[in-house]
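Would you mind keeping the following structure in view while I ask a few things?
The values are calculated or read from the model by the stated rules, or taken from the named source; none is laboratory data. Predicted model only: the values in this text are computed from it and were never measured. Cβ placement follows ideal geometry from the backbone for every residue including glycine, while neighbour counts extend to all protein chains displayed.
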Amino acid sequence: MRKTLKTTGTAALAAFILTASMPAAQARDGIGVGGAVALGALGGVVAGSAIASANNGYYPGQPVYRAPPPVYVEEVCHVERRGFIDPYGVEHIRRVRVCE
């Protein structure tokens, strides 16, 4: 832990020293230090966004969840003849549809 902290501190100090010792601006053709830093940051943003969009796992061909189709249960029915006796004592026979 201590060795890692020391290495990290040394690297941070070296980065600070290199950043602080910028050369003076020169009047010549081309980009200066500020322009180079801006183009580097812009290039980093472009490269980062390209990498991030390449990792997108969704594409139109990917299977997605869809509810299963409805299941229709067909009733099994048949017609039976059933007899009954009315309150007056007369027997009647009716056809009755019976579904299971």
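What are the pairs, 6+ residues apart or on separate chains, where a residue within region 70-83 that is farther than 10 Å from VAL98 by Cβ has its Cβ under 9 Å from a residue that is among the basic types (Lys, Arg)?
Listed by first residue and then by second, the contacts come to ARG81/ARG94; ARG81/ARG95; GLY83/ARG94.
Next question, about the same structure. Give the number of residues within region 47-100 that are in a strand (DSSP E or B), modelled with pLDDT under 90 and either touching a Pro at 6+ places or on another chain (Cβ under 8 Å) or surrounded by 10 or more Cβ atoms within 10 Å (Cβ to Cβ) (or both). Talk me through it step by step, then tell me what you get.
Going residue by residue through region 47-100, those that are in a strand (DSSP E or B) are 77-85, 91-99.
Still in the running and modelled with pLDDT under 90: 99.
Checking the rest, the ones that are also either touching a Pro at 6+ places or on another chain (Cβ under 8 Å) or surrounded by 10 or more Cβ atoms within 10 Å (Cβ to Cβ) (or both) come to none.
The total comes to 0.
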